[in-house]
Amino acid sequence: MAGLRCKWKLASIGLFSRVCEVTFKGRGLVGGLGEVLWMADLARIVRAWVILIGVCTRGEVLRVALLVVSLPLTLSSIYLVGSVAVTQEAATIATTTLGPAQQRPGCIWARIAYAQIGGEGLVPVYLVGNTGDFLSMYGCKAAYAVGGASGALLSVEAWKSFAGRDIRFSTPLGVYSVGVVGFVECRYLGGSFAVVNFTVGEGGLRLCPQPLTQLEVVGDLGAGFSRLMLLLALLSLLPFAVASPLAFSRAVESISREISVLRGQGLGLGELESAVFLSLASVILVSSAYGVAAGVVIAHGALWALRFFGFTVFSRPLPPPTVLAPFTMHVVITILSGFLVTRFKVGRSESAC
Amino acid sequence: MRVLAEVARVWGFRLHVLVFLQILLMELAVIASGSLLFGVYGFYDSIVDAGSPGAVVVTSISLAPFASVVNVGQLRERLRSVPGVEIEERVYALVRLRNSTVILVGLGEEALKSVSSSASSARQGCLLIGEDLARELGVREGVEVLVYSPYTSLPYVLRVCGLASGWPYSWMLVSDLTTARFIRGFGSSQASVAVIRSERGAAAVLEALGSGPYGKGVGERVVLAVRSAGGNFSAKLYSAYAGEALDRLGVPVEVFQALVVAVCATLAVSALMLGGFVLAARAREFAVLRYSGVSSRSLKASLVAVLLAYAALGGVLAGLILCYAPLGLRLFGFVVRPAPSPMVLAAGVVLVWGFASAGVLGGGGV
């Protein structure tokens, strides 16, 4: 019964092979005998490849490819799309909520001391050459409550607790005590601190504006989860890559009858190996595309479900080319194992015959 | 036993090695995936190391300890009726140091002494840097470092006064409570987390905080998320910090756990191929055994037993590799290692063995 089925398959592409032979003969008149023979070999391989693809897509080979190629690629696609989604969400949240905190140009020299105010804990004191530069750098507005600008300015938080008190701090140059003259309201700064006009001199630190600290922290969070997803994607490919030679060995065994029929039809061993390898590679490539597509669809389904349950998800991610390396690696490994299995199995079945 | 020995003999050395290596790699992938996912699940609990069993970790309803704000004064007031209560305040913050985001924890004096033997460790304006973190960032003892706070957006110059050792502080910055409070932008009665211990156990603390019926055995890790607004005080109990964070996102903990099991099971499906391969590779030898009077059932049982032995051995080796290999994932400077728990290890072994056995039992020809 199986033999009859195979003969029918061979007959069904008879027209195709005849067209190939006529074409090659036509070319042979021009190109010489060697080319004719080479093209005829190619035609036989193509014919066998087409037959085997038909066999592969209906039997064990497809099942194996779906299990060993599609399933892990689906899983890793979900991880990678998730990774991109996390990164994009972090970036979107950061730019929409923290976007106004644009980095201002310029740095200033400062000395930082800590002051004990009223015996209620430490407050950082920023000793700067020009208070105006500091305020401008951090988007602060000063309100002078007492006298001129020749004293300490407190942040609003510190002002609530320490207004009217003196600030006492020490530096390597000596111990200083200054009066509080007002408070500052800052766009990019919070918490308790004081700013004092001071000749910084040697030992000062270069203070550069860091209003983007929050952006950087959110970015780091996104990058951390992205790395996790990438690692999981690689781990999900590993066991299937390991199992692929075994799986394809079983798959080639499942089409051994068709291979024998093709051999009986006069196909050479090399041609047969090429045809089997080409058909396996074709099935692997199609299964890979199917696996990646399924993963992307499932991941987007999950994102859609999140939106359905009220989560605001902005991103519509696809696996970017930069993270496609695991996919490529897996496909290359499976194709390579397909090649090795073909070399080993087809040759062995021939010697067994 | 005789059949088992025969089966082991007909496999041959090469097949034994091949099958063992395949099982080892499959188990490595399954166990590492499960451990990493559970490692991320337990990330906050690793950071907030509550120490002795029976301690109650009080947080506000938040996504992370870095975002939690607890009013310690109010807690003290509510716990006044419970005898022998000890409240340990901790302040957790994320800071930027040398272009990396790292975790800073502010501890009380007693806790600081246990983290570092340095005499100056409790000084204000000083930092202790975790040994591993110091090595990673190239920071030495005695230098001044510029630390940026995302909470206040202010830069702080702090002197590195010593090294912190021991889990989990070797991957963090440690300071006194006052320093951590001004970096976090907290007032003097605020903390990120309060770890409460009582002579009368966790149940008495939870009762005083009105967390409702306490269904878990005392001695487990207990995380209590409190909400306090306008004089109202409510509390909700969790068995892990991740439970609280997932709850905030509207995802039940069970969904996450089921997802991890599903991921591991999907990876273990690859072992199905292994069982089928063993049958195909030694089909002739097994047929000879069958002709010599060995029943199909005992043959399959022997194959399953050999696979179990390899799965168990592979599990132990995979566990050792994951424990001792320098593998890890950095989250805020903190390293999450895929060192497996006994539960994950056992699950990995059972899953790989189960699918490999299913491949044997489902395969024909024996």
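Observations, loosely collected:
- Distance between the 7 Å Cα→Cβ label points at A:Arg343 and B:Ser234: 6.8 nm.
- Positive-end extreme of charge dipole, region B:75-212 - chosen from B:Val147, B:Gly130, B:Ala204 (charges on Cβ): B:Val147
- Exposure proxy order (Cβ contacts within 10 Å, fewest to most) of B:Phe20, B:Phe182: B:Phe20, B:Phe182
- Stretch gain in nm, segment A:Glu185-A:Ser315, where the contour uses 0.36 nm per residue and the Cα spacing is subtracted: 43.3 nm
- DSSP-defined antiparallel bridges as percent of all bridges, region B:47-239, nearest 5: 70 percent
- Mean separation of Cα pairs under 8 Å and 6 or more residues apart, divided by the residue count, gives chain B a relative contact order of 28 percent.
- The mean number of partner chain beta-carbon atoms within 10 angstrom of a residue's beta-carbon across peptide B:347-357 is 0.
- Rounded Å value of the spacing that divides the Cα centres of region B:43-100 and region B:320-363: 32 Å
- Cα-Cα separations in region A:269-340 greater than 21 Å, expressed as whole percent: 46 percent
- Cα-projected label distance for A:Arg63 with B:Arg80, points at 7 Å along beta-carbon direction, nm: 7.4 nm
- Other residues within the sphere of radius under 13 Å centred on the Cβ of B:Val145, judged by their own Cβ, net out at +2 (K and R +1, D and E -1).
- Surrounding net charge for B:Ser234, when Lys and Arg each add one and Asp and Glu each subtract one, Cβ distance under 13 Å: +3
- Rounded FRET efficiency, nearest 0.05, which uses the C-beta distance separating B:Asn99 from A:Val175 and R0 of 41 Å: 0.75
- Förster radius 35 Å - calculated FRET efficiency between A:Met329 and B:Arg248, Cβ distance, rounded to 0.05: 0.40
- Site pair B:Val288 and A:Ile298 shows an inter-label distance of 4.3 nm when each label is modelled 7 Å from Cα along Cα→Cβ.
- Neighbours of B:Phe182 by Cβ distance under 11 Å: Lys/Arg scored +1, Asp/Glu scored -1, total 0.
- Computed about its Cα centre, the charge dipole of region B:47-239 is approximately 380 debye, with only Lys, Arg, Asp and Glu carrying charge at their Cβ.
- Membrane-span-like helices in chain B (whole DSSP H runs, Cα extent of at least 20 Å along the helix axis, mean Kyte-Doolittle hydropathy of at least 0.0): B:2-41, B:253-268, B:296-324, B:342-362.
Computed from the coordinates by the stated procedures, all read-outs in this text should not be read as laboratory data. Because the structure is a prediction, the values reported are computed rather than measured. Ideal geometry is used to build each Cβ from the backbone, glycine not excepted, and the neighbour counts take in all protein chains shown.
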